[in-house]
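Have a look at the structure below before the remarks.
The values are calculated or read from the model by the stated rules, or taken from the named source; none is laboratory data. Nothing here was measured: the structure is a model prediction, and the numbers come from that model. Quick reminder, even Gly has a Cβ in these numbers, built from the backbone with ideal geometry, and neighbours come from all protein chains shown. When the accessible area is computed, the model is the full protein with side chains, heavy atoms only, and any ligands, DNA or RNA have been set aside. Shrake-Rupley method; radii C 1.70, N 1.55, O 1.52, S 1.80 Å.
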Amino acid sequence: MIKINIKTAVVFVFVFVAAIVSAQSAYAQNLLFSNDNNVSIGGNTYIIASGSAATSLAVSDTSITVTVPDQYTFTVFSTDRYLLNNDSNIAQQCTTALSKVVIAGPASVVITPSATACMAGGGSGSSGSVGTTTTTTTPTTTTTPTTTTTTTPTTTTTPTTTTTTTPTTTTQQLGPITISKPLNQMTRDELVSTLLKLILTLVLQGKISHL
């Protein structure tokens, strides 16, 4: 006959029950979402995706605290593409339509959304942050051309008209010679010269043969 020690039996039953409870706890989910569910955080709407599971869930005005059981996932997304920062550095997915974070169990995570749109195509970042867009502004310098006008003074030359008065010579005929002025206006030398010229001309013409 087999004798069973009572203490040994009690310990065995206790261990067996604890193992069963532990196994049930590991795979139990108190919340299983069969449809998309909206939650409001900071006045913005976020969505818990259909098919998500959790053993506990707490939504406050600033965050979502969730415990996900083993072999289950919990997905939160934003159609406004807001950042889904979290304390477990779980990478976010960002497209032109939405931002999303998928938590694989077992895990306990605090999601703290930010009302800042993520950059489409981003998939990783510190604390679940999705890419940052940096805008660099280059100053533009506009050069305005300067026109310099140089004025050259104009000198106007007025022509000077010089009038030269040519004395009018009145000639007179004295026999065969021409004299420039009357005899009474001639000087002594001019009279002597004129008389010599007259005598010489008359001699040459044969009108005076002997003086």
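Below, the figures for the structure above:
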quantity	calculated
Lone unmet requirement of (1) at pLDDT 95 or above; (2) part of a loop (DSSP other than H, G, I, E, B) for V76	(2)
Pick from region 31-52, criterion exposed (fewer than 14 other Cβ atoms within 10 Å of the Cβ) and outside any strand (DSSP E or B), ranking: nearest to the chain's Cα centre (by Cα)	G43
Residue within region 168-185 that is open to solvent by less than 100 Å² (accessible area, probe 1.4 Å), modelled with pLDDT under 80 and among the basic types (K, R) present	yes
Near pairs, Cβ below 6 angstrom, 6+ apart or cross-chain, from region 53-72 (assigned to a strand (DSSP E or B)) to any residue that is open to solvent by 40 Å² or more (accessible area, probe 1.4 Å) and among the aromatic types (F, W, Y)	A53/Y72
